[in-house]
Amino acid sequence: MEYIASLLPFMLEGTAVTLQLFFLTLVMALPLGVVFAVARLSKFKPLNVFMQFYIWVFRGTPLLLQLFFIYFGLGIIGISLDRFLAAVVAFVLNYSAYLAEIYRSGMQSIDRGQFEASDVLGLSRWQTLRHIILPQMFKRVLPPISNEVINLIKDTALVYAIGISELLRAAKIAALRDYLFVPFIVAAVFYLIMTAFIQQFFKWLESRYDYYR
Amino acid sequence: MYILQATNIYKRFQHTDVLKDISLNVEKGEVVAIIGPSGSGKSTFLRCLNRLETIDRGQIEIGGEIMVSNNADGKAVYRGEKDIARIRRKMGMVFQNFNLFPHKSVLENLMMAPLLVNKSDVNEARDTALALLKKVGLANNADSYPFELSGGMQQRVAIARALAMNPAIMCFDEPTSALDPELTGEVLKVMKDLAQERMTMIVVTHEIGFAREVAHRVIFMDDGLIVEQGTASEVLLNPQQDRTKAFLGTVLMAR
């Protein structure tokens, strides 16, 4: 017990890094995904094709590899990003691609009649999107989004590969230093606590959208 | 003076002619019922009038403004988006499936377009909306959500929502076809009231009774053509064309 307590400061520092990366990614990727989804559905061909390509690349390669490209790869061509910034960039680009596809499916599941009713009432394309389509879309995509968000908190562990001291790396350092398995158990508990919070948050969000069917 | 003039409307889907050069002029205050078998093109025709569908050839003029007309090559050319938006605002549309906004309350459904499109004052929009709800018999449902209402009530909200934009013409696309039989009456009553207030109405319908009672003119369409038109008693009681007779025979037999 004393040993666990002695681990905590170090592990909490790692958790802080994990959470920073998590929230920064969400704050940027959640809205960017909407923009990408709208672009992906655009009738303007070049934009549409570019988004398809983008989504293919970022879903079609491992996130870890993307992390290497942005941290080491950009370094080779003379753009050197700080480790943490590189991680944020990679995560935002990757998660926006996944979220864009979720949003797209959500938007396409909205009945044509909603677009037509908006249209005959004189709403502009932007007004239709903003007031009619997106609010209904968010309700429908909450379950798959909560999946992605839970994936994200676990994916943050990947950044230890470029030497960022997040939660898992902190656990590993402690485990190797003390020849004990306990730090890994502590890390697991930490992850579970975070995912429990995420689950509760989405449960609450879904209940907030429960006022209509 | 016609409030709506559609001239030689032609439309093609893939390899079929859906509308074969049909024309329709509607006078202010006139109630026109369009009947015909499914696949006759009647809904498509109505949807062309407010550009939910585009036409390939022909001219549509609403309230003295041309929305689409033929160019020198005989191909339909639409006005710019802004002009079209303004012209379409003269037309209200009621759909078979209501198409209410499920995430908005009844009152919000009615206020949405006046606020966003006309930039109306909130209090003014609310007053108008409440008055319209009263008119369709739903004064007590302003704060309900669409899923809480019966189909007949939802359709009445949809009619009120269209009226909130103060249109010159109301278009109805099979407004009672998605309703249980016992709920059609309340919707038809609201439509009758509108007709009595001299609202110009174009109604695509299967309700022969409504056409007979309310419509000034009945149009029978089949296979992308207007086969026959005239007063309700002419077309419904004394049809001249074989196709009209056959259609009315099957419809009336089914009752």
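Place a +1 charge on the Cβ of each Lys and Arg in region B:90-233 and a -1 charge on the Cβ of each Asp and Glu, then give the dipole magnitude about the Cα centre in debye, rounded to the nearest 20.
Details: 13 positive and 18 negative charges, 98 e Å.
Approximately 460 debye in magnitude.
If you place +1 on the Cβ of every Lys and Arg, -1 on the Cβ of every Asp and Glu, and leave all else neutral, what size is the dipole of the protein assembly as shown about its Cα centre, to the nearest 20 Debye? Don't jump to the answer; show the numbers that get you there.
Details: 48 positive and 44 negative charges, 129 e Å.
For this selection, approximately 620 debye.
Which whole-number percentage describes the relative contact order of chain B, with Cα contacts under 8 Å and a sequence gap of 6 or more?
Reported as a whole number, the value is 25 percent.
Can you pull the three principal axis extents for the Cα set of region A:1-126, in Å, largest first?
The Cα atoms of region A:1-126 stretch 68, 42, 21 Å along the principal axes, largest first.
I need the shape label for region B:1-100. Rule: rounded when a/c is under 1.5, else prolate if a/b > b/c, else oblate, with a, b, c from the alpha carbon gyration tensor.
rounded
Report, in degrees rounded to the nearest 10, the 0 to 90 angle that the Cα long axis of helix A:83-108 makes with the longest principal axis of chain A.
It is inclined by approximately 30 degrees.
Can you tell me the equivalent ellipsoid semi-axes for region A:101-195? Use √(5λ) from the Cα gyration tensor, largest first, whole Å.
47, 12, 8
To the nearest 10 square angstrom, how much accessible area does A:MET11 have with a 1.4 angstrom probe?
Around 0 Å² of this residue is reachable by solvent.
How far, in degrees from 0 to 90, does helix A:45-60 lean away from the longest principal axis of the Cα atoms of chain A, to the nearest 10?
Here the helix axis deviates by roughly 30 degrees.
So what's the back-of-envelope 222 nm ellipticity for the protein assembly as shown, counting only DSSP H runs of four-plus at -39500 (n - 2.57) apiece and dividing by all residues, rounded to 500?
Values: 16 runs with 248 residues, N = 468.
Computed mean residue ellipticity for the protein assembly as shown: -17500 deg cm²/dmol.
Hey, which aspartates and glutamates would be in cross-link range of A:LYS43, C-alpha to C-alpha under 18 Å, not counting anything within fewer than 8 residues on its own chain?
Hits, sequence-local ones excluded: A:GLU101, A:GLU116, A:ASP119, B:GLU53, B:GLU81.
Report, as a whole number in µm² per second, the diffusion coefficient that Stokes-Einstein gives for region A:2-212 at 4 °C and 1.567 mPa s using the Kirkwood radius over alpha carbon pairs. Before the final figure, lay out the partial values.
Details: Rh = 19.2 Å.
After rounding, the answer is 68 µm²/s.
Roughly how crowded by other chains is peptide B:101-114, in terms of the mean Cβ count from those chains within 10 Å of each of its Cβ atoms? Show your work: numbers first, answer last.
Values: counts 9, 9, 11, 5, 2, 0, 0, 1, 2, 0, 0, 7, 7, 2.
Partner-chain Cβ atoms within 10 Å, mean over residues of B:101-114: 4.
For region B:31-97, what does the relative contact order come out to in percent, with C-alpha contacts under 8 Å and a separation of six or more?
Contact order relative to length: 20 percent.
Quote the Stokes-Einstein diffusion coefficient, in whole µm² s⁻¹, for chain B, based on the Kirkwood radius over alpha carbon pairs, a temperature of 37 °C and a viscosity of 0.692 mPa s.
Estimated diffusion coefficient is 174 µm²/s.
When only Cα pairs under 8 Å and 6 or more residues apart are kept, what is the percent relative contact order across region A:2-212?
29
Could you check the simple spin-label distance between A:ARG213 and B:ARG212, using points 7 Å along Cα→Cβ, in nm with one decimal?
3.7
Specify the inter-centroid distance of region B:165-192 and region A:16-30, based on alpha-carbon positions, in whole Å.
51
Grab the beta carbon distance between A:SER80 and B:SER177, set R0 = 51 Å, and tell me the FRET efficiency rounded to 0.05.
FRET efficiency, A:SER80 to B:SER177: 0.20.
Could you work out the percent of alpha carbon pairs in region A:67-126 separated by over 17 Å, rounded to a whole number?
Values: 1063 of 1770 pairs.
That fraction is 60 percent.
Using a 1.4 Å probe on protein heavy atoms only, how many Å² of accessible area do A and B hide from each other, summed over both chains and rounded to 100?
Answer for the A-B pair: about 2000 Å² buried.
Considering the convex hull of the alpha carbon atoms of the protein assembly as shown, report its projected area averaged over all viewing directions, in nm², one decimal.
Mean shadow area of the hull around the Cα atoms is 30.8 nm².
Counting only other chains, and only Cβ atoms inside 10 Å, what mean value do you get across the residues of A:123-130?
2
The values are calculated or read from the model by the stated rules, or taken from the named source; none is laboratory data. Only a predicted model underlies this, so the values are computations on that prediction, with no experimental measurement involved. Note that we place each Cβ from the backbone using ideal geometry, even for glycine, and neighbour counts take in every protein chain shown. Heads up: the accessible areas ignore ligands, DNA and RNA and are worked out on the full protein's heavy atoms, side chains in. Shrake-Rupley method; radii C 1.70, N 1.55, O 1.52, S 1.80 Å.
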